[in-house]
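Visitor: One structure follows; several queries about it will come next.
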Amino acid sequence: MSDLLFATNNQHKLREIQEILGSDFRILSLRDANLDIEIPETQETIEGNAAQKARFIYEKTGMNCFADDTGLEIDALDGRPGVYSARYAGEGCSFDDNVEKILMELGDTQNRKACFRCVICLISDGAEYLFEGRVDGVITMERRGSDGFGYDPVFLPDGHRQTFAEMPPYLKNGISHRGRAAEKMRKAMGK
Ligand code: IMP
């Protein structure tokens, strides 16, 4: 089993990625590796942020590691919140504040098309690799479901009747942006 350090302390993400990568890998969080650090995330693109985070922890630890960055891109909002998805409602805001803000901005707009785009940057034995995953869907008129995190209660993936927050985790993992990017990473690592 190989150790792989994931630049996050988000328990939802850790669980998702561990399920996808399976027992060939032991995924360590920043806390597991005793890293109590603020990781910079100052780039203008999700690719840039994923690479910045992965390089930062690789330089600190020298461990094989990866970082992810995700943006929710809503057509009617010209692609916002995009790279600002985490702090869309302002510095220190909650997931719920962000959801409230996009629902307010969309109002009763009929075009509710959106996609999640995730980029994972893996640094393995010093070499850097990028993997992208995307899922298309629509933003619902109101919140549905209580699983997951972030914008899950209002994201209805195309071809499904349940929002990400109503789906069992295995189903979300099978079709989600991060699930798809992680699956590409798993294949690239030969597992
Ligand atoms: P991050 O860059 O992966 O931390 O993602 C930025 C923001 O996008 C998060 O703070 C969440 O609000 C949102 N996000 C990322 N992944 C998901 C997901 O799987 N479901 C819902 N929201 C997500």
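The values are calculated or read from the model by the stated rules, or taken from the named source; none is laboratory data. Keep in mind that this is a model prediction, so the values were computed, not measured. Don't worry about glycine lacking a Cβ; one is built from the backbone with ideal geometry, like all the others, and counts go over all protein chains shown. Heads up: the accessible areas ignore ligands, DNA and RNA and are worked out on the full protein's heavy atoms, side chains in. Shrake-Rupley method; radii C 1.70, N 1.55, O 1.52, S 1.80 Å.
Visitor: Considering only the range 157-177, state which residues are within 16 Å of the chain's Cα centre (by Cα) and at pLDDT below 95.
Guide: Passing the criteria: Pro169, Tyr170, Leu171, Lys172, Asn173, Gly174.
Visitor: I would also like to ask the following. Quickly run through the range 92-124 and pick out the residues that are among the basic types (Lys, Arg) and either within 19 Å of the chain's Cα centre (by Cα) or within 14 Å of the ligand (Cβ to nearest atom) (or both).
Guide: Just the residues of the range 92-124 that are among the basic types (Lys, Arg), to begin with: 101, 112-113, 117.
Scanning the range 92-124 gives Lys101, Lys113, Arg117.
Visitor: Counting only residues that are among the small types (Gly, Ala, Ser) and open to solvent by 30 Å² or more (accessible area, probe 1.4 Å), how many does the range 19-32 have? Write out each step before concluding.
Guide: Taking the range 19-32 and keeping what is among the small types (Gly, Ala, Ser), we get 22-23, 29.
Next, only the ones that are open to solvent by 30 Å² or more (accessible area, probe 1.4 Å) stay: 23.
The number of residues fulfilling the criteria is 1.
Visitor: Going by what's in this entry, would Glu41 be described as surrounded by fewer than 20 Cβ atoms within 10 Å (Cβ to Cβ), in a helix (DSSP H, G or I) and touching a Lys or Arg at 6+ places or on another chain (Cβ under 9 Å)? Write out each step before concluding.
Guide: Details: surrounded by fewer than 20 Cβ atoms within 10 Å (Cβ to Cβ): yes; in a helix (DSSP H, G or I): no; touching a Lys or Arg at 6+ places or on another chain (Cβ under 9 Å): yes.
No: the conditions fail for Glu41.
Visitor: Next up: What are the residue pairs meeting all of these: first residue in the range 158-182, first residue more than 16 Å from Arg143 (Cα to Cα) and open to solvent by 70 Å² or more (accessible area, probe 1.4 Å), second residue of a type outside the set (A, V, I, L, M) and near the ligand (Cβ under 9 Å from one of its atoms), Cβ atoms under 9 Å, and 6 or more apart or on different chains?
Guide: Sorted first by the residue in the range 158-182, then by its partner, the pairs are Pro169/His12; Pro169/Glu16; Pro169/Gly148; Arg180/Cys118.
Visitor: The conditions are (1) within 11 Å of the ligand (Cβ to nearest atom); (2) open to solvent by 50 Å² or more (accessible area, probe 1.4 Å), and Glu16 fails exactly one of them. Which is it?
Guide: Every listed condition holds for Glu16 apart from (2).
Visitor: While we're here: Does the range 67-76 include one or more residues that are of a type in the set (Val, Ile, Thr) and over 17 Å from the mean Cα position of the chain (by Cα)?
Guide: no
Visitor: Mind listing whichever residues of the range 81-91 are in a loop (DSSP other than H, G, I, E, B) and within 12 Å of the ligand (Cβ to nearest atom)?
Guide: Initially, the range 81-91 is screened for residues in a loop (DSSP other than H, G, I, E, B), giving 83-84, 88-91.
Answer for the range 81-91, where residues must be in a loop (DSSP other than H, G, I, E, B) and within 12 Å of the ligand (Cβ to nearest atom): Val83, Tyr84, Tyr88, Ala89.
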